[in-house]
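Undergrad: I am attaching a structure below and will ask some questions about it afterwards.
The values are calculated or read from the model by the stated rules, or taken from the named source; none is laboratory data. Keep in mind that this is a model prediction, so the values were computed, not measured. Note: ideal-geometry Cβ built from the backbone for every residue, glycine included; neighbour counts use all protein chains shown. SASA here: full protein model, heavy atoms, side chains in, ligands and nucleic acids out. Shrake-Rupley method; radii C 1.70, N 1.55, O 1.52, S 1.80 Å.
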Amino acid sequence: MSMEVSQRIHRESDRPARTQKQYVAGMPELAYTGLSENWLLKTCGDRHWQSLANEAGLSEPEFRDADGNSVYAAFTAVSLRGTALEALGENDRFSIQSTLTSSGGAHYFSTHEVESSTGSYARVSMASTFIRRQREGDNRTVVKAMPIAVPGSRSAIPVEAQEMVKLRRRFRAGNWGAHLGLEQLSGRAHHVAEFLPCPYNDFNGAHLLYFASFQAMVDRVEWGWKRISSPPVVAARDLFFHGNVNIGDVLELSFSIARQDSGGLSHWCEIRRLSDGEKVADVITVKRWRS
């Protein structure tokens, strides 16, 4: 047995790890269109991170590999379904029930159900892997890594997690075909905008471009492009992550397909580093008009 394997802490369980927390919708949790999607993604991301630490038997979510390098959980895919975020308003009480399970190797998958006594408001699914930088301070050099403390919850790999991985690969390869009512070859909107991520708002404490910033930048560019008098609400959204950027890197957001009709607004946005054209994310958004 290698030293790396012998040092590894590994708590296994045949059941997914489940936690639940209660919330009250106040100004930090709310946006113009109801419960803030950005707040929700950040909150679910933190619950995913804390669950990983709990399952690994760590008092703090501080992961390291066998060489002592800091290791972080990076999301590879995030999906929102069944959303009715506009139904939550000031002082409404709701809960988020989270489930975490291993999906093989350093990959983990979580779901987060947003509910109250009156109904369900969203389901967030998140797939992650562990990463580290090959060069200190250079986010372009992130690679997969394996922490010493390996989280447990090794139940059967959910079918949803497998499908998310396959779909992410298809988007990265550029052969996804059709998804969420959009046809890859149906038409081209050709709306392109540049975006400079801000270190005060878009990067996290690990100095990586935060996964929730991708949703936010797509919405900001969409708003500047469309400026719809009555902003639609999100019905579904998928985010697939392929890389990261450094502070000062300019991003190019290309809305290659967009559809606006009586049902709402949908689009596919490719996000690339402007300097080298490397794709760092795909974001597929479906929004519906508010009644």
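Undergrad: May I ask you to list the residues in region 175-184 that are open to solvent by 40 Å² or more (accessible area, probe 1.4 Å) and touching a strand residue (DSSP E or B) at 6+ places or on another chain (Cβ under 7 Å)?
TA: Listed by number, the residues that qualify are L180, G181.
Undergrad: Can you spot a residue in region 26-46 that is within 24 Å of E160 (Cβ to Cβ) and aromatic (F, W, Y)?
TA: Taking every residue of region 26-46 in turn, at least one turns out to be within 24 Å of E160 (Cβ to Cβ) and aromatic (F, W, Y).
This table checks each residue for (1) open to solvent by less than 50 Å² (accessible area, probe 1.4 Å); (2) touching a residue at least 12 places away in the same chain (Cβ under 8 Å); (3) in a strand (DSSP E or B); (4) of a type in the set (V, I, T).
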residue	(1), (2), (3), (4)
F130	yes, yes, yes, no
V143	yes, yes, yes, yes
M146	no, yes, no, no
G152	yes, yes, no, no
E160	no, yes, no, no
R170	no, no, no, no
S186	no, yes, no, no
A189	yes, yes, no, no
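Undergrad: Could you list, ordered by first residue, the pairs with Cβ atoms under 9 Å in which the first is in region 199-226 and at positive phi and the second is in a helix (DSSP H, G or I), at least 6 apart or interchain?
TA: H207/N139
Undergrad: Related question: For region 36-73, what are the residues that are open to solvent by less than 40 Å² (accessible area, probe 1.4 Å), of a type in the set (A, V, I, L, M, F, W, C) and under 18 Å from I131 (Cβ atoms)?
TA: Correct list: L52, A53, A56, F63, V71, A73.
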